[in-house]
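Undergrad: Got a structure for you, questions after.
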Amino acid sequence: MRTSGVVLPPTPDPLAEARDAVMRQPVVNRELVQWVETVARLTQPAIVHWCTGTEEEAERICELMLRDGTLQKLDALLHPDSYYARSNVDDVSTVQDRTFICSLSEDDAGPSNNWMDPVFMRDLVSRQYNGCMQGRVMYVVPYLLGPPGSPAARVGVQVTDSPYVVANLRIMTRIGRVALEQLSDQTGFVKGIHSVGTLDPEQRFICHFPEEELILSVNTNYGSNALLSKKCHALRIASVQARREGWLAEHMMIVCVTSPDGVRTFMAGAFPSSCGKTNLAMLLPPDADLEAGWKVEVIGDDIAWMHFGEDGRLYAVNPEAGFFGVVPGTSRECNPTEMKTLESNAIFTNVAMTEERSVWWEGLDGDAPEFCADWTGQRWSPGCGRPAAHPDSRFTVPATNCPTLSAEWSNPSGVPISAIIFGGRRSTTMPLIYEAFNWQHGTYIGATLTSEKVADVAGTVGQLRFDPMAMLPFCGYHMADYWQHWLDMGRRVGATMPRVYHVNWFRKDWGDRFLWPGFRENMRVLKWIVDRVRGRGDADKTAIGMIPRPQSLSLSDFGWTKEFMYELLAVKTDEWYKEVDRREEFLSRFSAKLPQELLDENEALRKRIQNAHLRSRYAEH
Ligand code: OXD
Ligand code: MN
């Protein structure tokens, strides 16, 4: 019997047992129980399973996937407790054009998001959900984002018919009991419904309903399209909550830098993709620094939730419990810490698999195997003309695997952030590092963050792309309202905001060679930031911000010349004129709601550049 698109469950009632089980939980949220029942009536699973998060449960779910071929076990000696998975060949990346913000008002989504009417979209996706779990298990996964007991932590519940998603969510978040315990009858939670569906790319939808705190995803089983805790909840929905409640949900890594005197400096950093955010989070300082007592530890690699503490400072927690990273390019040479993190308990998706049941990808240290099975399962050998691992192949691994994970990573109070670092990939214009004059100027620097595109099917490599605060694809509301929120945060009575920095490891010389060695040497830049936030560190005031004096980057041991340092830190007025014009054009796309302060900052920068230009011309004469 069908009533208004809602199909009643088959008998025996798959919900009865599940309902009894959840009623035996320490805390029951009635809204949650009712909502799960409504979803089950619509999707009609054979079984409803409430995830508890135990080892045994995880083993059972993985066992199931080993049997049906969703997972393959990797060699137990080479990769203990690790699995290999392939997604459907039509379902290999996150899909911006299928990702929607369904706010009540189109104006709240802004020009950088795809907006769709919430009633229309709910109806469209519900039709996809109708009976979509027949004969299958519907998993109910309560998950906690943030350290248990933290006032910053939030609960989400994802309902999914994908055991692969459950296995990944279990790594990426704290699932089961720990999440339910944080829920009372009064606590709200973010709802997510996901179904693998038919995997039809034409019918793939990832929809966010900020007012209802609801996420609907269908016809995908890949990455952040399907693991709704990550970009969908912890960034898109959380950014809306953060604006409403006066905090920041940011696409930032979090690190703790300990100096030889034992003082810890906490920093957060936002970088568009392919700019080395994870490498910076897992930075291994040069041997001399390690010997001197410097240490860099990771707290988060992707997302930071920052709330004001009683002292007016911003305290950050990492809402996640695992790392979900792009694999190609990962190597011992670039990021030995990440490679150690991946040694066990990992799920690799869409990389290549070797005869020894090991994994391989482009950019891994050493030689390519003579042959292997590529990410589609076909035989691959070097020189065959296609990559063995998909460029967006991923690993999922628990944060606790990371040898440099800070003990503070699960501190319920979070860590006080002293510096926010923005960074892009720029072959010209941007010096190695500069410091904002103040919070408003820092907000402007973040709002105009740009990076050059890397590998791109459209052949637009090198093209500049604006990615404000690295949040362009992840902000759940109008970008200009988001900038206003940043400005308002800085104006809060008693607020002591972090200092803001911009870094660029990718500046090139005339011969198209990188000027900066990067990787471990980036420690020199972090050390300068530590000095600055501690009230030390030499800097020159320039048109764009405060720039280190070369000697304060302790470069002498490299034997670098004055000319080299000039290139690395130079503010070239001809390049900055173009930059200011580009920024003006970009900001104008948000004109209706654009905070005047950002335009003022752009104009003030233009004037400072003009003055610097004039001064340099007089100096020449
Ligand atoms: C990610 C991303 O997957 O930013 O973390 O794209
Ligand atoms: Mn990210």
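The values are calculated or read from the model by the stated rules, or taken from the named source; none is laboratory data. Since we're looking at a predicted model, the values are computed, not measured. No Cβ is skipped: glycine too gets one built from the backbone with ideal geometry, and neighbour counts run over all protein chains shown. For accessibility, only protein heavy atoms count, side chains too; no ligands or nucleic acids. Shrake-Rupley method; radii C 1.70, N 1.55, O 1.52, S 1.80 Å.
Undergrad: Go through (1) more than 16 Å from ligand 1 (Cβ to nearest atom); (2) under 23 Å from Leu280 (Cβ atoms); (3) open to solvent by 50 Å² or more (accessible area, probe 1.4 Å); (4) in a loop (DSSP other than H, G, I, E, B) for Pro391 and report which single condition fails.
TA: (1)
Undergrad: Right, next: Pairs under 6 Å by beta carbon, first residue free of Cβ contacts under 8 Å to residues at least 40 places away in the same chain in the stretch 112-123, partner open to solvent by 60 Å² or more (accessible area, probe 1.4 Å), six or more apart or different chains?
TA: Every condition considered, the pairs that remain are Trp115/Glu106.
Undergrad: For residues in the stretch 153-207 being of a type in the set (D, E, K, R) and more than 21 Å from Ile101 (Cβ to Cβ), which is least open to solvent (accessible area, probe 1.4 Å)?
TA: Asp161
Undergrad: Determine whether the stretch 519-530 contains at least one residue that is loosely packed, with under 13 Cβ neighbours inside 10 Å and either among the β-branched types (Val, Ile, Thr) or assigned to a helix (DSSP H, G or I) (or both).
TA: Narrowing the stretch 519-530 to residues loosely packed, with under 13 Cβ neighbours inside 10 Å: none.
Checked against the condition, which is being loosely packed, with under 13 Cβ neighbours inside 10 Å and either among the β-branched types (Val, Ile, Thr) or assigned to a helix (DSSP H, G or I) (or both), the stretch 519-530 yields no hits at all.
Undergrad: OK, next. Does Lys295 satisfy being among the charged types (D, E, K, R), within 16 Å of ligand 1 (Cβ to nearest atom), open to solvent by 10 Å² or more (accessible area, probe 1.4 Å) and not assigned by TED's automatic domain parsing to the domain that holds Leu169?
TA: No: the conditions fail for Lys295.
Undergrad: Now, a different point. Given Thr160, Thr173, which one is under 24 Å from Ala46 (Cα atoms), in contact with a Ser or Thr (Cβ under 8 Å, 6 or more places away or on another chain) and of a type in the set (S, T, N, Q)? First the steps, then the outcome.
TA: Values: Thr173 fails: under 24 Å from Ala46 (Cα atoms).
Unique residue meeting the criteria: Thr160.
Undergrad: Let me ask something else about it. What single numbered condition from (1) surrounded by fewer than 24 Cβ atoms within 10 Å (Cβ to Cβ); (2) over 14 Å from the mean Cα position of the chain (by Cα) fails to hold for Met306?
TA: (1) is the only condition that Met306 fails.
Undergrad: Those residues that are more than 16 Å from ligand 1 (Cβ to nearest atom) and either at pLDDT below 95 or in a strand (DSSP E or B) (or both), I need them from the stretch 300-330; list them, please.
TA: Going residue by residue through the stretch 300-330, those that are more than 16 Å from ligand 1 (Cβ to nearest atom) are 306-317.
Listed by number, the residues that qualify are Met306, His307, Phe308, Leu314, Tyr315, Ala316, Val317.
Undergrad: Please specify each residue of the stretch 563-572 satisfying the condition of being in contact (Cβ under 8 Å) with a residue 40 or more places away in the chain and in contact with a Leu (Cβ under 9 Å, 6 or more places away or on another chain).
TA: Result: Phe564, Glu567, Leu568, Leu569.
Undergrad: Here's something else I'd like to know. What tally of residues in the stretch 471-499 results from selecting those that are aliphatic (A, V, I, L, M) and either within 19 Å of the chain's Cα centre (by Cα) or not assigned by TED's automatic domain parsing to the domain that holds Gly269 (or both)?
TA: Number satisfying all stated conditions: 3.
Undergrad: Something else about it: Would you check if there is a residue in the stretch 203-213 being under 20 Å from Val137 (Cβ atoms), in the same structural domain as Gly149 (by TED's automatic domain parsing) and at pLDDT 95 or above?
TA: No, the stretch 203-213 contains no residue that is under 20 Å from Val137 (Cβ atoms), in the same structural domain as Gly149 (by TED's automatic domain parsing) and at pLDDT 95 or above.
Undergrad: Follow-up question, since we're still on this one. Filter the stretch 354-404 down to the residues that are aromatic (Phe, Trp, Tyr) and without any contact (Cβ under 8 Å) to a residue 40 or more places away in the chain and list them by number.
TA: Trp360, Trp361, Phe371, Trp380
Undergrad: Return the total of residues in the stretch 490-531 being basic (Lys, Arg), under 20 Å from Lys295 (Cα atoms) and out of contact with any Leu (no Cβ under 9 Å at 6 or more places or on another chain).
TA: At the first step, the residues of the stretch 490-531 found to be basic (Lys, Arg) are 491-492, 499, 507-508, 513, 520, 524, 527.
From what is left, the residues that are under 20 Å from Lys295 (Cα atoms) are 520, 524, 527.
Subsequent filtering for residues that are out of contact with any Leu (no Cβ under 9 Å at 6 or more places or on another chain) retains none.
So the count comes out to 0.
Undergrad: Given the condition open to solvent by 40 Å² or more (accessible area, probe 1.4 Å), closer than 30 Å to Met353 by Cβ and not in a loop (DSSP other than H, G, I, E, B), answer yes or no: does some residue in the stretch 112-121 qualify?
TA: Checking the stretch 112-121: not a single residue is open to solvent by 40 Å² or more (accessible area, probe 1.4 Å), closer than 30 Å to Met353 by Cβ and not in a loop (DSSP other than H, G, I, E, B).
Yes/no matrix, rows are residues, columns are (1) in contact with a Ser or Thr (Cβ under 7 Å, 6 or more places away or on another chain); (2) at pLDDT below 95:
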{"residue": "Ala470", "(1), (2)": "no, no"}
{"residue": "Met497", "(1), (2)": "no, no"}
{"residue": "Phe506", "(1), (2)": "yes, no"}
{"residue": "Asp512", "(1), (2)": "no, yes"}
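Undergrad: Do any helices (runs of 4 or more DSSP H) entirely within the stretch 195-281 hold 2 or more residues that are closer than 30 Å to Leu124 by Cα and within 16 Å of ligand 1 (Cβ to nearest atom), and if so, which?
TA: 223-226, 238-245
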